[in-house]
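Here the structure comes first, spelled out in structure tokens, and everything after it is commentary.
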Amino acid sequence: MSARATYTPETLLEVAVAVFNERGYDGTSMEHLSQAAGISKSSIYHHVRSKEELLRRAVSHALDGLAAVLEEPGARQGRAIDRLEYVTRRTTAVLMRRLPYVTLLLRVRGNTDTERWALARRREFDQRVAALLRQAAAEGDLRPEVDVRLAARLLFGMINSVAEWYRPPSEEDQDALGVVDEAVVDAVVSTAFAGLRLHR
């Protein structure tokens, strides 16, 4: 990638996320980032104060996308089971569209202030989704044999696992991008809710 192509805060962040995911955050130095971006370290410091600031911007991009889902009308209106299905659908879509950023978020371990902050925000999101599951159970819309705490773990695990195997179509095949995304989302939702939803 040429220096001109990376010499903006946005493209620098894209490069940083790719390197963090490849080498691990702890295994990445500013030298690694400057080499990958094709610019000098001083040019990087023109945009950010530190490697950790790049990490914070990156995980914020993932977290903001997830948090925004919970504020959408489909996540706030109707029965809890329908809101939960909507959140599952939209969260899976956000994960795929922000795949490198969510992948990085899922790999943070709490070794820095930024990582601990990110984990706290992730827990807040998870707790709000788990609350929807509990409410759906209280409203009688979950199958009676469903263990709500276990179901929450399995639901999160299935959604997050998409980051490990999903690879979007190439830029040359952009026409397929939306089709592939929708097929994955439909598969996640149908698999999860066939086992969760009580069919009357």
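Glu139: among the acidic types (Asp, Glu) and more than 17 Å from the chain's Cα centre (by Cα), yes or no? So Glu139 fits the description; yes.
Among residues of the stretch 19-29 being crowded, with 17+ Cβ neighbours inside 10 Å and outside any loop (DSSP other than H, G, I, E, B), the one that is nearest to the chain's Cα centre (by Cα) is Asn21. Can you confirm whether the stretch 43-54 contains a residue that is in contact with a helix residue (DSSP H, G or I) (Cβ under 8 Å, 6 or more places away or on another chain), among the β-branched types (Val, Ile, Thr) and outside any helix (DSSP H, G or I)? Yes, the stretch 43-54 has at least one match. In the stretch 144-158, the residues that are closer than 11 Å to Ala192 by Cα and in contact (Cβ under 8 Å) with a residue 60 or more places away in the chain reach residues that are surrounded by 15 or more Cβ atoms within 10 Å (Cβ to Cβ) and not β-branched (Val, Ile, Thr) with C-beta atoms within less than 8 angstrom, at least six apart or across chains, in these pairs: Leu155/Leu133; Leu155/Ala192; Leu155/Leu196.
With respect to the conditions (1) surrounded by 10 or more Cβ atoms within 10 Å (Cβ to Cβ); (2) at pLDDT below 90, Leu155 falls short on a single one, namely (2).
Pairing each residue of the stretch 67-87 that is assigned by TED's automatic domain parsing to the domain that holds Arg98 and on the phi < 0 side of the Ramachandran plot with any residue that is part of a helix (DSSP H, G or I) and of a type in the set (Phe, Trp, Tyr), provided the two are 6+ apart or on different chains, yields C-beta distances under 6 Å for Gly74/Tyr86; Ala75/Tyr86; Glu85/Phe193.
For the stretch 104-143, how many residues meet the condition of being surrounded by fewer than 17 Cβ atoms within 10 Å (Cβ to Cβ), part of a helix (DSSP H, G or I) and either small (Gly, Ala, Ser) or outside the structural domain of Glu164 (by TED's automatic domain parsing) (or both)? Within the stretch 104-143, residues that are surrounded by fewer than 17 Cβ atoms within 10 Å (Cβ to Cβ), part of a helix (DSSP H, G or I) and either small (Gly, Ala, Ser) or outside the structural domain of Glu164 (by TED's automatic domain parsing) (or both) number 3.
The listed residues are Val148, Val188, and the only one of them that is surrounded by 14 or more Cβ atoms within 10 Å (Cβ to Cβ), at pLDDT 90 or above, closer than 14 Å to Ile81 by Cβ and in contact with a helix residue (DSSP H, G or I) (Cβ under 9 Å, 6 or more places away or on another chain) turns out to be Val148. Is there a residue in the stretch 92-99 that is without any contact (Cβ under 8 Å) to a residue 60 or more places away in the chain, under 14 Å from the mean Cα position of the chain (by Cα) and in a loop (DSSP other than H, G, I, E, B)? Taking every residue of the stretch 92-99 in turn, at least one turns out to be without any contact (Cβ under 8 Å) to a residue 60 or more places away in the chain, under 14 Å from the mean Cα position of the chain (by Cα) and in a loop (DSSP other than H, G, I, E, B).
Among the residues of the stretch 32-85, those that are under 30 Å from Gly140 (Cβ atoms) and aliphatic (A, V, I, L, M) comprise Leu66, Ala67, Ala68, Val69, Leu70, Ala75, Ala80, Ile81, Leu84.
The values are calculated or read from the model by the stated rules, or taken from the named source; none is laboratory data. Not measured: the values here are computed from a predicted model. Positions of Cβ are backbone-derived with ideal geometry, glycine not excepted, and every protein chain shown enters the neighbour counts.
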